[in-house]
């Protein structure tokens with residue numbers, strides 16, 4: 001019996017004061033991931049998107065069942081190490097962290113890694129079961145029988161987590177493996193759903209929804225109707241038997257912060273001299289020229305300069321004005337070029353460039369602003385040609401969208417090649433596509449293709 005997953009991922013900013021989505025979600029044919037970032041100003045959105053970005057390549061790999069758990073555990077450790085490295089490189093990121101739930105499918109086996117208080121549920125034969133255990137202060141109180149489950153629902157410290165991914169070596173996830181059965185429905189959710197919607201309501205939604213898409217959208221809608229003041233993200237996956245139903249899509253879905261940032265969660269910072277610095281250097285050169293002329297005058301300073309001297313000073317003044325004007329114009333022109341974006345090749349991979357593709361003599365008018373992990377060799381030939389010829393984009397949002405489409409095309413191409421069939425046909429989506437958005441009257445949801453994905457105290461998330 002051949003099994004597959006029909007999946008859907010949805011995310012919403014929520015109704016609270018947060019100005020950005022710190023959740024990230026990923027759903028693909030072999031991998032489901034949900035990460036709830038924390039840290040506020042310390043960039044929880046960066047943490048969650050880095051985790052999803054690092055785990056996403058697992059979806060394109062062929063992993064044996066006996067190797068799935070070690071591979072997932074290693075990937076989680078590597079993602080955690082990346083958080084530590086990012087915080088060392090950028091002090092503004094210090095203190096960030098994220099929960100994580102990752103499910104890796106291999107055949108009819110599902111390996112799960114979990115850390116934090118985001119939750120995973122399984123609906124099997126009409127019974128909803130929570131298959132994760134929160135790493136939280138309230139869960140410890142429950143384990144010690146100091147509070148009841150009813151008291152835990154509205155406990156004032158329910159958002160205090162005791163173990164999440166913060167880049168520290170002791171951030172160990174719980175690992176488990178289970179067997180997939182046709183008809184199973186899995187739900188991964190951030191606490192924007194579980195803190196505001198009762199379990200029996202979630203069970204009713206999962207039981208009644210006909211598709212994973214409908215279930216995901218109804219979960220978001222109910223959370224917003226319950227005035228969820230936190231980001232709300234859900235990933236729903238149905239286990240289907242390919243012997244009795246048509247094959248589902250294999251195009252991954254990425255939502256939340258991971259859909260809005262680059263795969264590493266950061267933008268490349270090129271080391272270069274700014275136009276303002278160049279103008280200042282030219283001004284200093286002109287000033288030094290004036291001082292040199294003064295130094296050559298060995299005689300006493302006369303009350304009135306000669307006509308030739310006045311002409312020379314006028315020429316110097318005019319030259320300085322022209323120089324400043326040219327520097328200003330050059331700076332304005334350079335500033336304009338650095339607001340332009342295009343997608344092109346970089347050492348065999350797809351990259352986003354800032355600037356224009358032309359060069360001015362030895363001066364390069366563009367630089368790599370974001371380097372993806374999309375290999376040119378993984379793309380169909382006609383799409384590869386588009387990248388080589390440069391794809392101009394209007395802004396960073398469109399660049400992220402285009403990268404997502406290219407990543408989806410590359411993933412599909414690799415999966416097709418793994419079956420022994422050369423990849424060359426037109427994909428279902430072209431690089432000019434934009435992220436799909438599913439919107440109902442009660443929700444705001446976004447679905448995009450992937451952009452593929454000193455001791456710091458454990459952060460405490462406080463629900464506003």
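Quick look at the values:
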read-out: Any hit, segment 10-26, residues being under 19 Å from the mean Cα position of the chain (by Cα), in a helix (DSSP H, G or I) and farther than 25 Å from residue 414 by Cβ; value: no
read-out: Selection status of residue 136, surrounded by 17 or more Cβ atoms within 10 Å (Cβ to Cβ), at pLDDT below 95 and closer than 19 Å to residue 38 by Cα; value: yes
read-out: Residue in segment 35-45 that is at pLDDT 95 or above, in contact with a helix residue (DSSP H, G or I) (Cβ under 9 Å, 6 or more places away or on another chain), within 18 Å of residue 236 (Cα to Cα) and assigned to a strand (DSSP E or B) present; value: yes
read-out: Qualifying residue in segment 84-100 (condition: modelled with pLDDT under 90 and not in a loop (DSSP other than H, G, I, E, B)); value: yes
read-out: Matching residues in segment 404-438 - criterion: being in contact with a strand residue (DSSP E or B) (Cβ under 9 Å, 6 or more places away or on another chain), under 25 Å from residue 220 (Cβ atoms) and modelled with pLDDT under 50; value: 434, 435, 436, 437, 438
read-out: Yes/no for residue 20 being in contact with a helix residue (DSSP H, G or I) (Cβ under 8 Å, 6 or more places away or on another chain) and within 25 Å of residue 111 (Cα to Cα); value: no
read-out: Residues of segment 139-156 that turn out to be exposed (fewer than 12 other Cβ atoms within 10 Å of the Cβ) and assigned to a loop (DSSP other than H, G, I, E, B), as a count; value: 6
read-out: Flag if residue 177 is closer than 23 Å to residue 139 by Cα, surrounded by fewer than 24 Cβ atoms within 10 Å (Cβ to Cβ) and touching a strand residue (DSSP E or B) at 6+ places or on another chain (Cβ under 6 Å); value: yes
read-out: Segment 180-201 - residue that is in a helix (DSSP H, G or I) and touching a helix residue (DSSP H, G or I) at 6+ places or on another chain (Cβ under 7 Å) and, of those, surrounded by the fewest Cβ atoms within 10 Å (Cβ to Cβ); value: 201
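The values are calculated or read from the model by the stated rules, or taken from the named source; none is laboratory data. The structure displayed is predicted, hence computed values, not measured ones. All Cβ positions, glycine included, derive from the backbone under ideal geometry; neighbour counts span all protein chains shown.
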